[in-house]
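To start, the structure under review is shown below, and the notes come after it.
The values are calculated or read from the model by the stated rules, or taken from the named source; none is laboratory data. The model shown is predicted, which means the values in this text are computed figures rather than measured ones. Glycine also receives a Cβ, built like all others from the backbone with ideal geometry; neighbour counts cover every protein chain displayed. With ligands, DNA and RNA removed, areas are computed over all heavy atoms of the protein, side chains included. Shrake-Rupley method; radii C 1.70, N 1.55, O 1.52, S 1.80 Å.
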Amino acid sequence: MRIAAGQFTSVPGDIEANVRSMQALVHAAAGRGARLVAFCELAATGYDLGLIAERPDLWLAEDDPRLEPLREACRATSTAALVGCAARSAGPRPTITALVIGPDGELLARYDKTHLYGEELDVFTAGTEDGRFLLDGVRFAVAICYDNRFPEVAQRAKSDGCHVYVASSVLEADNDSYRTVYPVRAADNALPVLLANAVGPCSVGDCRGGSAVWGPSGALLTTAGPDAPGLALADVL
């Protein structure tokens with residue numbers, strides 16, 4: 001199976017523009033044989049916690065009509081997409097969420113970030129369950145940014161029979177996770193690890209891109225590079 005991480009610079013608060021960027025990357029990745037395209041944490045709004053806290057209209061529902069162009073892209077290409085967003089919850093706060101849209105355009109899975117970090121604790125509510133979905137008989141684990149700092153998250157994925165580990169993150173240029181987290185999770189659990197990261201400026205600083213896939217030995221298989229929108233594609237199974 002070929003999977004892809006799509007990186008782009010989110011426009012803060014402009015869901016429609018960000019969905020168009022994701023739509024284009026789904027078409028591009030599908031044209032190169034990808035079955036799944038994953039995007040970064042809060043890709044739909046940009047990682048701007050103050051803006052998200054002030055504007056509940058930026059919190060997406062699972063069937064939100066603003067995601068329809070992306071659903072259409074998934075249907076047209078028979079490709080799945082993992083979308084980072086702020087999502088509505090049962091309580092007064094949103095969640096940091098990965099919505100997985102299946103190749104038929106329907107919701108395949110929802111994962112709410114379980115380990116919130118820093119100012120996220122003041123804006124969001126934490127999820128309580130691990131992220132999982134099945135695509136073409138392949139079992140995927142999903143984790144979001146700070147989740148990946150906890151080795152037990154990947155260990156549970158391995159124990160639960162997952163074949164691929166997907167990390168949706170926002171990492172600034174000097175973040176050490178490219179060396180100390182993602183390749184280590186891959187090697188320690190013999191799982192391919194996909195990282196979807198933002199590229200360009202955001203509220204945490206200058207994001208370095210570097211969306212990538214590491215093989216089950218921890219070796220880097222591919223990267224989208226540090227400077228521009230693009231794709232990291234790799235065959236993992």
* Structure fact -> The residue that is nearest to ASP104 (Cα to Cα), considering only those in region 134-149 that are without any contact (Cβ under 8 Å) to a residue 40 or more places away in the chain and open to solvent by 20 Å² or more (accessible area, probe 1.4 Å), is LEU134
* Structure fact -> Given the conditions (1) surrounded by fewer than 24 Cβ atoms within 10 Å (Cβ to Cβ); (2) modelled with pLDDT of 95 or more; (3) farther than 24 Å from GLU106 by Cβ; (4) of a type outside the set (Val, Ile, Thr), every one holds for SER169 apart from (1)
* For PRO201, which of the numbered conditions (1) under 17 Å from the mean Cα position of the chain (by Cα); (2) open to solvent by 10 Å² or more (accessible area, probe 1.4 Å); (3) touching a residue at least 40 places away in the same chain (Cβ under 8 Å) fails to hold? -> (1)
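Okay, residues lined up against (1) open to solvent by less than 10 Å² (accessible area, probe 1.4 Å); (2) in contact with a Gly (Cβ under 9 Å, 6 or more places away or on another chain); (3) in a helix (DSSP H, G or I):
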{"site": "ALA17", "(1), (2), (3)": "no, no, yes"}
{"site": "SER21", "(1), (2), (3)": "no, yes, yes"}
{"site": "ALA28", "(1), (2), (3)": "no, yes, yes"}
{"site": "VAL37", "(1), (2), (3)": "yes, yes, no"}
{"site": "CYS40", "(1), (2), (3)": "yes, yes, no"}
{"site": "ALA44", "(1), (2), (3)": "yes, yes, no"}
* To do: Please work out which one of (1) touching a Cys at 6+ places or on another chain (Cβ under 8 Å); (2) under 21 Å from LEU194 (Cα atoms); (3) free of Cβ contacts under 8 Å to residues at least 60 places away in the same chain is the condition PRO103 fails and give its number.
  => (3)
* Structure fact -> Restricting attention to region 75-102, the residues that are touching a His at 6+ places or on another chain (Cβ under 9 Å) and surrounded by fewer than 23 Cβ atoms within 10 Å (Cβ to Cβ) number exactly 2
